[in-house]
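> Got a structure here, written out as structure tokens. Questions coming.
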Amino acid sequence: EPEVTQTPSHQVTQMGQEVILRCVPISNHLYFYWYRQILGQKVEFLVSFYNNEISEKSEIFDDQFSVERPDGSNFTLKIRSTKLEDSAMYFCASSDAGREWETQYFGPGTRLLVL
Amino acid sequence: DQQVKQNSPSLSVQEGRISILNCDYTNSMFDYFLWYKKYPAEGPTFLISISSIKDKNEDGRFTVFLNKSAKHLSLHIVPSQPGDSAVYFCAARDDRGSTLGRLYFGRGTQLTVWP
């Protein structure tokens, strides 16, 4: 069964450093998302991406964040200068369509710890 | 952001009995609702969904009920099995608006099914 994969599974970084989280969405999917879950809190939407551009971003997704689809398979989330409060589990998701009953499939997540 | 609420952080049920997980929402623009299941160290896994044009959707042991007037939905698992023990997230989406599939999640309910 096709699945969304994410690397690395864990990342530890120093405050102020740049991190890149990588995702390989399901191959025929067209819509891509990043969510995060801070420990003990709810899963929060960060950004949606379609046709090589951002479709929507939340208030969390400020100038420190960027997304990219560098090739036909990868979808990346970059945090330019990490802050302590960026420590969270980051989930990538993909779907065949943005709406109309389509389901988003999630990857296993990357646990980011900023020290 | 309290648009989707799961007021019970945990639920404990004996194997074979019914599990009922509840979810309330405040945004009347939501028109599609999903339940995800999450095991530790994994991403959310899609379980079942319901459109706002329906009031019930069934898939095997899982049934979701939607009460639009009360802005309430529930997930019924019958019979409950120990393998159902996981965190269950309610999520909602506004498919008629400008957002492209953005999901709003509740905080989750930890279901424990004991033998």
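The values are calculated or read from the model by the stated rules, or taken from the named source; none is laboratory data. A quick note: this is a predicted structure, and the numbers were derived from the prediction, not measured. Glycine gets a Cβ as well: all are built from the backbone with ideal geometry, and neighbour counts include every protein chain shown. We work out accessible area using only protein heavy atoms, side chains counted, and drop any ligands, DNA or RNA first. Shrake-Rupley method; radii C 1.70, N 1.55, O 1.52, S 1.80 Å.
> Read phi for every residue in segment B:46-52 and hand back ³J(HN,Hα) as whole Hz from Karplus 6.51 cos²θ - 1.76 cosθ + 1.60, θ = phi - 60°, with x for Gly and Pro.
Each residue's phi maps through the Karplus curve to give 4, 10, 6, 9, 8, 8, 5 Hz.
> Give me the inter-chain shielding for A:40-51: mean count of other chain Cβ atoms within 10 Å, whole number please.
Working: counts 1, 3, 12, 12, 4, 8, 1, 1, 5, 1, 2, 0.
The per-residue average across the peptide is 4.
> Work out from phi, with θ = phi - 60° and the Karplus expression 6.51 cos²θ - 1.76 cosθ + 1.60, the ³J(HN,Hα) of each residue of segment A:103-115, listed in order in whole Hz, and give x for Gly and Pro.
Per-residue couplings from phi come out as 8, 8, 9, 9, x, x, x, 10, 8, 9, 10, 9, 9 Hz.
> Over chain B, what is the relative contact order in percent, taking alpha-carbon pairs closer than 8 angstrom and at least six residues apart?
Details: 282 pairs, mean separation 42.2, N = 115.
37 percent.
> Where in segment B:44-106 are there trypsin sites (Lys or Arg not before Pro) that are in a DSSP coil and have at most 13 other Cβ atoms within 10 angstrom of their Cβ?
Passing both the DSSP loop test and the Cβ count: B:54, B:96.
> Okay, moving on. Of A:46, B:113, B:89, which is farthest towards the positive pole of the protein assembly as shown's charge dipole, taken about the Cα centre with +1 and -1 on the beta-carbons of Lys, Arg and Asp, Glu respectively?
With unit charges placed on the Cβ atoms, the residue in question is B:113.
> Within segment B:2-68, what whole-number % of the accessible surface is contributed by carbon and sulfur, with the 1.4 Å probe and all protein chains included in the calculation? Write down the numbers at each step before the final one.
Values: 1630 of 3470 Å².
With neighbouring chains kept in place, the figure for segment B:2-68 is 47 percent.
> Next up: Choose one answer from A:80, A:36, A:22: the residue with the largest mean-square fluctuation in a GNM of chain A with alpha-carbon springs under 10 Å.
Answer for the Gaussian network model of chain A: A:80.
> Eight or more residues apart or on different chains, and alpha-carbon atoms under 20 Å: count the Lys pairs in the protein assembly as shown matching that.
Here the count comes out as 18.
> List every residue whose amide H lies under 5 Å from the amide H of residue B:94, counting only residues 5 or more places away in sequence or on a different chain, with H placed 1.01 Å from N in the peptide plane.
So residue B:94 has HN proximity to B:31.
> Further question on the same structure: Can you give the accessible area per residue of the protein assembly as shown, in Å², using a 1.4 Å probe?
Values: 11010 Å² over 230 residues.
I get 48 Å² per residue for this part.
> State whether the protein assembly as shown is rounded, prolate or oblate according to the following rule on the C-alpha gyration tensor (a ≥ b ≥ c being the square roots of its eigenvalues): a/c under 1.5 gives rounded; otherwise a/b larger than b/c gives prolate, and the remaining case gives oblate.
Working: a/c = 1.82, a/b = 1.47, b/c = 1.24.
Taking the square roots of the gyration eigenvalues as a ≥ b ≥ c, the protein assembly as shown is prolate.
> What percent does the relative contact order of chain A come to when contacts are Cα pairs within less than 8 Å and at least six residues apart?
Details: 278 pairs, mean separation 43.5, N = 115.
RCO, chain A: 38 percent.
> Okay, moving on. Over the Cα atoms of segment B:4-114, Rg to Rh with Kirkwood Rh, two decimal places? Display every interim value, and only then the final one.
On the way: Rg = 13.4 Å, Rh = 14.0 Å.
So for segment B:4-114, dividing Rg by the Kirkwood Rh gives 0.96.
> Something else: Taking every residue in A:72-79, how many Cβ atoms of other protein chains lie within 10 Å of its Cβ, on average?
On the way: counts 0, 0, 0, 0, 0, 0, 0, 0.
Mean inter-chain Cβ contacts per residue within 10 Å come to 0.
> Moving on to the next point. Classify chain A: rounded, prolate or oblate, from the alpha-carbon gyration tensor (a ≥ b ≥ c, eigenvalue square roots; a/c under 1.5 rounded; otherwise prolate if a/b is larger than b/c)?
Values: a/c = 1.65, a/b = 1.61, b/c = 1.02.
In terms of gyration-tensor shape, prolate.
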